[in-house]
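For reference, the structure is listed below as structure tokens.
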Amino acid sequence: MGKLSGKYAVVTGGSQGIGEAIVKRFVEDGAAGVAILGRNLDVAQNTAKLIDPTGEKVIAIRCDVSDEQQVADAVETILEKFKTIDILVNNAGVTNDSMFHKMTKEQWDAVININLYGVYHMCKYIVPVMREKNYGRIVNITSISAFGNIGQANYSATKGAIISFTNTLAMEGGPKNITANCIAPGFIRTEMYNAVPDEIIAKHIKRVPLKRLGEPSEIAGAASFMASDDASFVSGQCLVISGGGSI
Ligand SMILES: NC(=O)c1ccc[n+]([C@@H]2O[C@H](COP(=O)([O-])OP(=O)(O)OC[C@H]3O[C@@H](n4cnc5c(N)ncnc54)[C@H](O)[C@@H]3O)[C@@H](O)[C@H]2O)c1
């Protein structure tokens, strides 16, 4: 029996990168069902099939988390299939970098709409399900950029807000046996990080005591811990996973 045995989870942006690693790890740890929410259904379905060729445990649902109606419909579909939701991982996120004085309102809005409204929409529809069943594990993926990062005013604002939002969810959810925690990854080798120029990557690695980038699986292990009953008394925390480095 794995530590997520019998549990049903939702992972936003679970088609690739950190989200895909989390879905894979949840299945390895015995989850009864995992729903991948992604903007591109084909990509989400491919990932689901790769992780679970039987198609029994992992389902793929098309959902842009910035669109409230799509989130409402996705949650309804998940509840039809799984009957319940125990674990929510808000992982979907984007960057759209530039110095603040050059940042357009479109760049600002694009990141706020996905990174922050996405988390809000998911929680709006799933927290009531968890309150009703008196059980829930919420894991929000933020970033070490939450503490400020040059060129990422929009992204940092969303990631910082996610930490304070999570702390509030933890306070309000505690009496209903709902925990809420964050993971703040450092530099992790995914498609998002591929956008970073080579010379910047070299500088990043220099600042990491472990002298390398992190792997998505190194975030997934912590997400599984936070989603499990091993973490039943852990709430309102933000675990930085950065090889010891900071921005
Ligand atoms: N890679 C890093 O170095 C790093 C560092 C810190 C934090 N993070 C955070 O980790 C999370 C995962 O990032 P990643 O590195 O795996 O990036 P990624 O680009 O590989 O994956 C992001 C996923 O989110 C999905 N997504 C984006 N917008 C969406 C939307 N509107 N609706 C639904 N899904 C959407 C993408 O399709 C993709 O599947 C993000 O929240 C990111 O901010 C990443």
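Using the Cα centre of the chain as origin and beta-carbon charges of +1 (Lys, Arg) and -1 (Asp, Glu), tell me which of 40, 241, 88 is placed farthest towards the positive end of the dipole. Toward the positive end, the furthest listed residue is 241. Of all alpha-carbon pairs in the chain, indicate the percentage at a distance above 32 angstrom. For the chain, the fraction of Cα-Cα distances above 32 Å is 15 percent. Under a Cβ-Cβ cut-off of 10 Å, what is the net charge of the residues other than residue 58 that fall near it, where Lys and Arg count +1 and Asp and Glu count -1? Cβ neighbours under 10 Å give a net charge of +1.
Taking 218, 28, 191 as the candidate residues, the one with maximal mean-square fluctuation in a Gaussian network model of the chain, Cα springs under 10 Å, is 191. Averaging the sequence gap over all C-alpha pairs within less than 8 Å and six or more residues apart, then dividing by the number of residues, gives the chain a relative contact order of 20 percent. When the inverse distances between all different Cα atoms of region 6-112 are averaged and flipped, the Kirkwood radius reads 14.4 angstrom.
Order these peptides, 104-110, 159-165, 11-17, by their mean beta-carbon neighbour count within 10 angstrom, highest first.
Highest-to-lowest ranking by the protection proxy: 11-17, 159-165, 104-110.
Between 0 and 90 degrees, the angle of helix 117-133 with respect to the longest Cα principal axis of the chain falls at about 30 degrees. From its DSSP helices (H runs of at least four residues, each -39,500 (n - 2.57)), the chain gives a residue-normalised ellipticity at 222 nm of -13500 deg cm²/dmol. For the chain, 63, 123 have no disulfide-compatible partner, since no other Cys C-beta lies under 4.7 Å from theirs. The angle between the Cα long axis of helix 41-51 and the main principal axis of the chain comes to about 70°, on a 0 to 90 degree scale.
Treating only the Cβ atoms of Lys and Arg (+1) and Asp and Glu (-1) as charged, compute the dipole magnitude of region 1-138 about its Cα centre; round to the nearest 20 debye. Show your work: numbers first, answer last.
Values: 16 positive and 17 negative charges, 81 e Å.
Using only the charged Cβ atoms, the result is roughly 380 debye.
The C-alpha atoms of the chain define a longest principal axis, and helix 216-227 lies at about 50 degrees to it. When both bridge partners sit in the chain, DSSP labels roughly 5% of those beta bridges antiparallel.
When each of the peptides 57-68, 134-145 is scored by how many other beta carbons lie within 10 Å of its residues on average, the order from highest to lowest is 134-145, 57-68. Take 146-154, 90-98 and order them by the average number of nearby Cβ atoms within 10 Å per residue, most first; the result is 90-98, 146-154.
Across all C-alpha atoms in region 152-247, the radius of gyration and Dmax reach 15.1, 48 Å.
The charge dipole of region 142-204, taken about the Cα centre with unit charges on the Cβ atoms of Lys, Arg (+1) and Asp, Glu (-1), comes to about 160 debye, rounded to the nearest 20.
Any read-out appearing in this document is the output of simple, stated calculations on the displayed coordinates, not a laboratory observation. Computed from a predicted model, the values in this text were never measured in an experiment. In this analysis, Cβ positions are derived from the backbone assuming ideal geometry, glycine residues included, and neighbour counts consider all displayed protein chains.
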